[in-house]
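Beneath this line is the structure, given in C-alpha cells, with notes to follow.
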Amino acid sequence: MTATIPALNESIERMKQEILEDIKAGRVPADCPSFSSLHDHVDANCYGGFCDDAEMQSLIDHFDGINEEKGMSDALISYLNDAQNSIDHWIKDGGIKQHTA
C-alpha cells in the first residue's frame, strides 16, 4: 500500500494547528515573532509531522529517497523549506495573533 503524501498546503495547515496547540499548552509564547524563534521553545522542524518516522519516510520515498553522498533530494528540501518559509510569513503577518487575540 502506498502512503498518501500531503500536499504542501496540507502540511502547512497541520503546522499551523500544531503551533497553535503548543501555544495553548504553554510550550510556545503567543508573541513568538518568527519560525526561527519557535526553536527557542520546541524543535520547530518537527511541526507538520516532519519528525514522525513514518511520515518522513513517506516523503523521502516520494521525493526519490536519500542519496548517501548528498542526503535528501533537492525536491524534498524544497518542500520542507517552502513549508517552513510559509509558516514564517504567516507568523510575521500576524497569523498567531489572529487566533490567540
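The numbers here are math on the coordinates, done by the rules we state, and not lab data. For clarity, every value in this text was computed on a predicted model and none was experimentally measured. Ideal geometry is used to build each Cβ from the backbone, glycine not excepted, and the neighbour counts take in all protein chains shown.
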Computed from the beta carbon distance with a Förster radius of 22 Å, FRET efficiency for A75 and E10 to the nearest 0.05 stands at 0.85
Per GNM of the chain with C-alpha springs under 10 angstrom, the most fluctuating residue out of K24, K70, K16 is K70
Viscosity 0.692 mPa s, temperature 37 °C, Stokes-Einstein D of the range 8-100 from Kirkwood C-alpha radius, µm²/s: 238
Going from the fewest other Cβ atoms within 10 Å to the most, one would list V42, V28 as V42, V28
Debye, to nearest 20: dipole size of the range 8-100, +1 on Lys, Arg Cβ, -1 on Asp, Glu Cβ: 500
At a Cα cut-off below 25 Å, give the lysines reachable from K97, other chains included and same-chain residues fewer than 8 away excluded. K16, K24
Stretch D93-D52 to full length: gain in nm at 0.36 nm per residue minus the Cα-Cα span? 12.0 nm
Just subtract the alpha-carbon distance of S34 and A101 from 0.36 nm times their residue separation and send over the number in nm, one decimal. 22.4 nm
I need to check one value: relative contact order of the range 8-100, counting alpha carbon pairs closer than 8 Å and at least 6 residues apart, in percent. 39
